[in-house]
1. Filter segment 79-113 for residues that are under 10 Å from residue 146 (Cα atoms) and in a helix (DSSP H, G or I); which is nearest to the chain's Cα centre (by Cα)?
2. Against the definition (part of a helix (DSSP H, G or I), in contact (Cβ under 8 Å) with a residue 60 or more places away in the chain, more than 14 Å from residue 95 (Cα to Cα) and in contact with a helix residue (DSSP H, G or I) (Cβ under 9 Å, 6 or more places away or on another chain)), how does residue 148 come out, yes or no?
3. Taking into account only those residues within segment 34-53 that are touching a residue at least 40 places away in the same chain (Cβ under 8 Å) and assigned to a loop (DSSP other than H, G, I, E, B), which is nearest to the chain's Cα centre (by Cα)?
4. Just need a number here: residues in segment 165-180 that are touching a residue at least 60 places away in the same chain (Cβ under 8 Å) and in a loop (DSSP other than H, G, I, E, B).
5. List every residue pair whose Cβ atoms sit under 8 Å apart, with the two residues 6 or more apart in sequence or on different chains, where the first one lies in segment 67-91 and is on the phi < 0 side of the Ramachandran plot and touching a residue at least 12 places away in the same chain (Cβ under 8 Å) and the second, anywhere, is in a strand (DSSP E or B) and surrounded by fewer than 16 Cβ atoms within 10 Å (Cβ to Cβ).
6. Which residues, counting only those in segment 138-176, are within 23 Å of residue 66 (Cα to Cα) and surrounded by fewer than 16 Cβ atoms within 10 Å (Cβ to Cβ)?
7. Go through segment 182-195 and give me each residue that's outside any helix (DSSP H, G or I) and either more than 17 Å from residue 31 (Cβ to Cβ) or free of Cβ contacts under 8 Å to residues at least 60 places away in the same chain (or both).
8. Residue by residue through segment 196-207, note down the ones that are touching a helix residue (DSSP H, G or I) at 6+ places or on another chain (Cβ under 8 Å) and in a loop (DSSP other than H, G, I, E, B).
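Rule-based calculations on the coordinates, nothing more; no lab input. Just so it is clear, the model here is predicted, and its values are computed rather than measured. Methodologically, a virtual Cβ is constructed for each residue, glycine included, from the backbone with ideal geometry; neighbour enumeration extends over all protein chains shown.
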């Protein structure tokens, strides 16, 4: 099993003079599922962006290792799959083209290919449909399927069931069972059904009260 570790030492992030969070000491390891909790606007997505290397911390140190070898922050994306409301799909692509494009950059998990993903999405009639014509729920399903089905040691999900109906929520939970095992999985959420199976929880509010 590929082993990924993220270590935070006294991490903080501020915008202008306002601290979003401060004093985060935490280690994240493969094989565990973590939830970052907090109300809307509390800084969950900001912490996730620090964790995935797309935002630098204002203070503190973050370090990454893959199979006990150090990884630079700018290379973390190679080990990561991410699904989030603010990540855009390419609207001019068809479903088939979007899948092909995504997996030019990430390897498929074993036993997965384009047709498997289309079956998983239950969208056989949409293979050649442009994504601009997808509903918000279909787009969210596609984002999740692309993230779960890539063979990466880290999986990060921000508000994973946004725009999903009850059937879509059950579908998301089935993906977690199938594809989140043995990965370092982090879910940002304020809805219990998205994370109630997590091994550890981190409340962003706990890192606001100390300044």
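1. 102
2. yes
3. 52
4. Qualifying residue count for the region: 1.
5. Sorted first by the residue in segment 67-91, then by its partner, the pairs are 91/130.
6. Passing the criteria: only 151.
7. 188, 189, 190, 191
8. 197
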